[in-house]
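Down below is the structure, laid out as structure tokens.
The values are calculated or read from the model by the stated rules, or taken from the named source; none is laboratory data. A quick note: this is a predicted structure, and the numbers were derived from the prediction, not measured. As a convention, Cβ positions derive from the backbone with ideal geometry for all residues, glycine included, and neighbour counts pool all protein chains shown. All accessible areas refer to the heavy atoms of the entire protein, side chains included, with ligands and DNA or RNA removed. Shrake-Rupley method; radii C 1.70, N 1.55, O 1.52, S 1.80 Å.
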Amino acid sequence: MTDIFSNVIRRLDKAAKIIQIDPEVIHQLKHLTAAMEFSIPVRMDSGELKYFKAYRAQHNNTLGPTKGGIRYHPMVCMDEVKSLAFWMTMKCSVVNLPFGGAKGGICVNPKELSPMELERLSRGFIKRIADFIGPDVDIPAPDVYTNAMIMGWMMDEYSKIVRHHVPGVITGKPIALGGSLGREDATGRGAYYCIKELEKRLNWNPKNIRVAVQGFGNAGQHVAKLLFEDGYKIVAVSDSKGGVYHSDGFDIDSLIYMKNSSKILKAVYCTESVCEEVEAEKITNEELLALDVDLLIPAALENQITLSNASEIKAPVIVEVANGPISTDADEVLQSRDTLVVPDILANAGGVTVSYFEWVQNKIGYYWSETKVREKLHSSMLREFSAVCQMKKDKKVDMRTAAYAHGLCRIGEAVSAQGTRSYFAPRE
Ligand code: NAD
């Protein structure tokens, strides 16, 4: 997994060509504000002292404090964290949030740790980076294999270090510890709002739309559930171990119940807590991506669709719920086949949008109802989805380039407001 960063920033050049933007803006976005690599010592339950490699990258803070999740995964590396931080900068700009982008991660398989080891590791991460984060500096959140409880530990650790209660240092916390109602399903819900707009524009009847979802965690489960409730046919889902397929579709509530209660993804139908296995074919993640479906939702990790499998993708529409599931090279193959891709920096922006709402609520100390959070999320997703579609139409480009251009206009304005070469250069 090397060189993702230099690959993903190529998308900036493509978007810059279709708008009027100072070259210094693009130049600035190709460099990071800061990137840290450190190790976290953890006393394991066995008594052994183990060190875990960890990272935090802060990409750009022109629009405000940096913001981005923390990932626990054995494959986390600096290149990945930098790319994810860059996407956060673009995403916050696309949906008009006063944040820049950041990302962090620990090189660990959290499934191999006991709950107490996981808590010590999470608190250790904050001990190491406490001087570099803060509610007005850099605000972490959950990502792959991290959750609300971990965010709660981290907030508590930070508050102990600075010796006062600071809920706004981290988002995605449990509700009881200052989290926001509506944060849990916000990423899936934001993507669902995008799909409802596509439904109108493409004249879809949900009953006829067959959907495959890769990755059945927080983001994947919620988007699948919302679509299922609307009558969409979810014919395939997968997790890291593989997937299940049935042409008639699955009862998504049952699959979610099974996955969350037993950690196993199984084709089941559940009445209350009694689950029976139903007919299904076992498929690999590669097979899921190549299914003949109407809508493909990658909701796992980056670089799932690359040059090597892009030509096998049959879905005419892809909604990127994961960050970076399609490589830059694969973009071109998909475009040549007229695949409509709703890009990650728009499709999964619901998560950071409600994280922003959580941060605002923490700052003012007054908490909103779930209805208010959802209304605000809906209107924000709708506004930015329409703006990106308008840019796509006006400039006759693909949706990803349109989203980048839309985001670039906002950051561009902020960078230019501080003065670029055209302002500072000596005049004749
Ligand atoms: P999660 O840890 O809740 O779930 C990840 C899921 O992906 C799990 O079901 C896991 O089994 C599966 N998975 C892991 N490796 C896989 C593989 N190689 N193939 C198929 N499935 C695999 O994580 P999440 O929060 O749902 O994040 C999923 C994606 O969405 C990530 O790219 C993340 O950056 C992005 N995202 C998440 C949020 C959020 O708020 N959680 C916000 C924006 C973007």
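Observations on the structure shown:
- Residue 10 vs. criteria of a type in the set (Lys, Arg) and surrounded by fewer than 14 Cβ atoms within 10 Å (Cβ to Cβ): yes
- Given (1) farther than 23 Å from residue 227 by Cα; (2) at pLDDT 95 or above; (3) open to solvent by 10 Å² or more (accessible area, probe 1.4 Å), number of the condition residue 330 does not satisfy: (3)
- The lone exception for residue 95 - which of (1) under 18 Å from residue 187 (Cβ atoms); (2) surrounded by fewer than 24 Cβ atoms within 10 Å (Cβ to Cβ); (3) within 16 Å of the ligand (Cβ to nearest atom) it fails: (2)
- Considering the conditions (1) surrounded by 24 or more Cβ atoms within 10 Å (Cβ to Cβ); (2) closer than 30 Å to residue 311 by Cα, residue 340 is excluded by exactly one of them, (1).
- Qualifying residue in the stretch 413-425 (condition: modelled with pLDDT under 95 and more than 20 Å from residue 62 (Cβ to Cβ)): yes
- Qualifying residue in the stretch 101-111 (condition: surrounded by fewer than 22 Cβ atoms within 10 Å (Cβ to Cβ) and closer than 24 Å to residue 193 by Cβ): no
- The strands (runs of 3 or more DSSP E) located wholly in the stretch 176-266 that include 2 or more residues which are within 22 Å of residue 342 (Cβ to Cβ) and within 16 Å of the ligand (Cβ to nearest atom) occupy 210-214, 233-239.
- On the stretch given as the stretch 349-368, residues that are outside any helix (DSSP H, G or I), open to solvent by less than 60 Å² (accessible area, probe 1.4 Å) and in contact (Cβ under 8 Å) with a residue 12 or more places away in the chain total 2.
- The stretch 162-184 residues that are on the phi > 0 side of the Ramachandran plot and modelled with pLDDT of 95 or more, paired with ones that are of a type in the set (Asp, Glu) and open to solvent by 10 Å² or more (accessible area, probe 1.4 Å) (beta carbon under 7 Å, 6 or more apart): 182/370
- A count restricted to the stretch 292-307 and to residues that are away from the ligand (no atom under 15 Å from the Cβ) and either small (Gly, Ala, Ser) or buried (at least 20 other Cβ atoms within 10 Å of the Cβ) (or both) stands at 2.
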